[in-house]
1. Take the conditions surrounded by 14 or more Cβ atoms within 10 Å (Cβ to Cβ), of a type outside the set (G, A, S) and outside the structural domain of V163 (by TED's automatic domain parsing) and apply them to T64. Does it pass?
2. Being of a type in the set (D, E, K, R), more than 9 Å from the ligand (Cβ to nearest atom) and assigned to a loop (DSSP other than H, G, I, E, B) is the filter here; which residues of the range 22-69 pass it?
3. Here is a check on your reading of the model: is I19 modelled with pLDDT of 95 or more and within 12 Å of the ligand (Cβ to nearest atom)?
4. Report every pair of residues separated by at least 6 positions or lying on different chains whose Cβ atoms are under 6 Å apart, first residue within the range 70-98 and without any contact (Cβ under 8 Å) to a residue 24 or more places away in the chain, second assigned to a helix (DSSP H, G or I).
5. Answer yes if at least one residue in the range 3-12 is more than 16 Å from the ligand (Cβ to nearest atom) and either surrounded by 12 or more Cβ atoms within 10 Å (Cβ to Cβ) or in a loop (DSSP other than H, G, I, E, B) (or both), and no otherwise.
6. Do you know which residues across the range 37-54 are surrounded by 14 or more Cβ atoms within 10 Å (Cβ to Cβ) and polar (S, T, N, Q)?
7. Looking only at the range 137-165, which residues are assigned to a helix (DSSP H, G or I) and either aromatic (F, W, Y) or exposed (fewer than 13 other Cβ atoms within 10 Å of the Cβ) (or both)?
8. Mind checking whether some residue in the range 96-108 is among the aromatic types (F, W, Y), crowded, with 19+ Cβ neighbours inside 10 Å and either closer than 20 Å to P191 by Cα or at pLDDT below 95 (or both)?
Amino acid sequence: MKLYFKPGACSMSSRIVLIELGLPFDAIAVDTENGKTETGADYRAINPKGYVPALELADGSILTENAAILPYLAETHPGSALAGARGPLHRAREQAWLSFTSSELHKAFGPYFSGRPLSDGEKEHADRNLARRIGDVEQGLSDGRNFIMGDTFTVADAYLFVVLNWTGFIGFSLDPWPHVGAYLARVAARPATREALRQEGLLSEAPAA
Ligand SMILES: N[C@@H](CCC(=O)N[C@@H](CS)C(=O)NCC(=O)O)C(=O)O
């Protein structure tokens, strides 16, 4: 498999899952601004939408969208811990968290990464919206569960972790949300997460295990 990625971007969730599953893959960096891969290929011929992630399967098929790639990886490895119970209810709840992460939480970071300074009013609005969405995650974790679906790490955690971790990049304190802060630290400490962070140049130390 080939994972098309940008360091620290949402594509890192696929990397975490690939490492969790012990699957071999080639990671190919993409310059999304210029539409080129690190090998000089036209990225739009791989993903016409131009953004990462894209996952190229062994037969050359391309999958895009975090909310599609991640459950695909879990479902095609049914014996793995990430597969979970995988009944209809599990799937629906996992999909709910993946959709929330994609369309609500991920998007709430958009203003901070727009590439231009925000006015005071824009910043206030963005902060309020982001706080509201982080509050939704706090609520989801409020019964003391270790991971967003319960006691077991799932692909929904991989995506949620990567997006919540951007709070560090933008200097947005998680102090008002203690469950979220502890959750982020818990997922960050997983060997696969540490290895993914290391591979993307976001961790200087050697992997934990
Ligand atoms: N809906 C897409 C969003 C992907 C996305 O926003 N990717 C960002 C990185 S996190 C990207 O490639 N941005 C660069 C660009 O759009 O040019 C998904 O979930 O896969």
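1. Against the criterion (surrounded by 14 or more Cβ atoms within 10 Å (Cβ to Cβ), of a type outside the set (G, A, S) and outside the structural domain of V163 (by TED's automatic domain parsing)), T64 qualifies.
2. Across the range 22-69, the qualifying residues are E38, D59.
3. no
4. If the second residue must be assigned to a helix (DSSP H, G or I), the pairs left are A83/A74.
5. no
6. Scanning the range 37-54 gives T37, N47.
7. Q139, Y159, F161
8. no
The values are calculated or read from the model by the stated rules, or taken from the named source; none is laboratory data. Note that the structure is predicted; figures quoted are calculated from it, not measured. Here the Cβ is made from the backbone with ideal geometry for all residues, glycine too, and neighbour counts use every protein chain on show.
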